[in-house]
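Quick notes on the structure that follows.
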Amino acid sequence: MRIPLNKSTLGQEEIDAAKAVLDSGYFTMGRLVLDFERAVADYLGVKNAVMVNSGSSANLLALFAAANPMLPADGALPPRLKAGSEVIVPALTWSTTIWPVIQAGAKPVFVDSDPETLQMTPAAVEAAITPNTAGIFIVHVLGGAVDMTAMEALAKKHNLWLLEDTCESFGVDWKGRKVGTFGQIGTYSFYFSHHITTIEGGMAVTDDDGLADLMRAMRAHGWIRQMETKDAQAAQHSSIDPRFLFITTGFNLRPTEINAAIGLEQLKRIEGFNDTRRKVAARLDHGLARLKQSGDLTLIRHHPDVHAAPFGYTVLCASREARDGLQRHLEAAEIETRPVIAGNLTRQPALDHFAYRISGELSGADRVMDCGIYWGTHPVMSDEEVDYIIQTVDEYFR
């Protein structure tokens, strides 16, 4: 039996939708992208969604929007990020949370995470705040959620940007509200292995209409073409042909109609997908309870206010040697595994080239990096496959 980290969830509906785009002859960002944006915004309960070509691009767009000099200075948003501003980030994350902070000219400040939940802690964030702090970049790790009640209160108290990297937690709730909707901007990924897929794709969401329109321009070169206020912009700059009017800096982060067509079908199935992920995790929890009681494994727990949707099933071993042995054993049994994202990112050699700050100890991120491993919880995993994983893990420790 081979158990990959993920299996395709694309059905005939998604295939037919993609074919319909090809048959239409209209492939670039258009009506279907707008439809998918509206559907995602409605599902999450936010006013605006801006689709891009990846979750990494959504993070890039969010940070550069927060640093854009066109942001209104009316007090509705926190002060914009400037060169040298500090942004608090978890050490336990993926690299594309950190690079946009650096690329936007800010300095990442790394804080620890709780190794038993994988999430950054409010206490660590609060301890890291200084007069130079301009924002907090939350990461909801592997289908869990950070304590957003506390994080939202901290951001409001200090008038900070609150950005949520929700690329690994689409559809997860904190106290009944979807994570990614608490801050000024939330980001999501629809990569092939994520909670829903558009093959490649991402989304940035916000309740601020002006911020959303700015991101629409920045998504496509700084061009007014997809802005809701494009007519007003054109009138303000009447000496320039409005078809090629640029009002801000920008990138080319546009998705395609094929991505959106697939996403519209996948979104219809998100609750079923996430429910299956929860059932798979619950079966694994039950089957591995003996190893938890014996101290061989630490199983990830979630705050009672989190309605999680496990992206993968993470365990922590008692030592690095035990983790490495378990990993070899699982891979030999054809159960695909991964490290827990990038671990403590400050230990990655890429950070040697950039300025950053560490606040407090990073022992939790170190423990996850040295002793953690995860395997899949994808929504087409069978009970037989879950039982095979339990049997194989138990076999190693016996």
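The values are calculated or read from the model by the stated rules, or taken from the named source; none is laboratory data. Source: prediction; values computed, not measured. So basically every Cβ, Gly included, is an ideal-geometry build from the backbone, and we count neighbours across all protein chains shown.
Computed values, structure above
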| quantity | calculated |
| --- | --- |
| Residue within region 243-264 that is free of Cβ contacts under 8 Å to residues at least 24 places away in the same chain and in a helix (DSSP H, G or I) present | yes |
| Test: residue in region 237-247 that is at pLDDT 95 or above, over 28 Å from Glu271 (Cβ atoms) and of a type in the set (S, T, N, Q) | yes |
| Pairs, first in contact (Cβ under 8 Å) with a residue 12 or more places away in the chain and of a type in the set (Ser, Thr, Tyr) in region 94-115, second crowded, with 22+ Cβ neighbours inside 10 Å and in a strand (DSSP E or B), C-beta under 8 Å, six or more apart | Thr97/Val89; Thr97/Pro90; Thr97/Phe137; Thr97/Val139; Thr97/Asp165; Ser113/Pro90; Ser113/Leu92; Ser113/Met120 |
| Any hit, region 125-147, residues being over 14 Å from Val89 (Cα atoms), buried (at least 19 other Cβ atoms within 10 Å of the Cβ) and more than 18 Å from the chain's Cα centre (by Cα) | no |
| Single match in Arg277, Arg254, Arg243 (criterion: of a type in the set (Lys, Arg) and buried (at least 20 other Cβ atoms within 10 Å of the Cβ)) | Arg277 |
| Filtered residues of region 323-355 (kept if crowded, with 17+ Cβ neighbours inside 10 Å and more than 21 Å from the chain's Cα centre (by Cα)) | Arg323, Leu326, Gln327, Leu330, Ala333, Ile335 |
| Boolean, Met70 is outside the structural domain of Lys178 (by TED's automatic domain parsing), in a loop (DSSP other than H, G, I, E, B) and over 25 Å from the mean Cα position of the chain (by Cα) | no |
| Strands (runs of 3 or more DSSP E) completely within region 112-210 that count 1 or more residues being touching a His at 6+ places or on another chain (Cβ under 7 Å), at pLDDT below 95 and closer than 23 Å to Ser85 by Cβ | none |
| Flag if Val109 is within 22 Å of the chain's Cα centre (by Cα) and either part of a helix (DSSP H, G or I) or aromatic (Phe, Trp, Tyr) (or both) | no |
| Considering residues of region 11-63 that are among the β-branched types (Val, Ile, Thr) and outside any helix (DSSP H, G or I) only, the residue farthest from Pro108 (Cα to Cα) | Thr28 |
| Hits in region 280-295 (condition: surrounded by 19 or more Cβ atoms within 10 Å (Cβ to Cβ) and over 16 Å from Gly312 (Cα atoms)) | Leu291 |
| Filter pass, Gly186 being of a type outside the set (Phe, Trp, Tyr) and surrounded by fewer than 23 Cβ atoms within 10 Å (Cβ to Cβ) | no |
| Candidates Asn48, Asn59, filtered to the one that is surrounded by 15 or more Cβ atoms within 10 Å (Cβ to Cβ) and within 24 Å of Ala355 (Cβ to Cβ) | Asn59 |
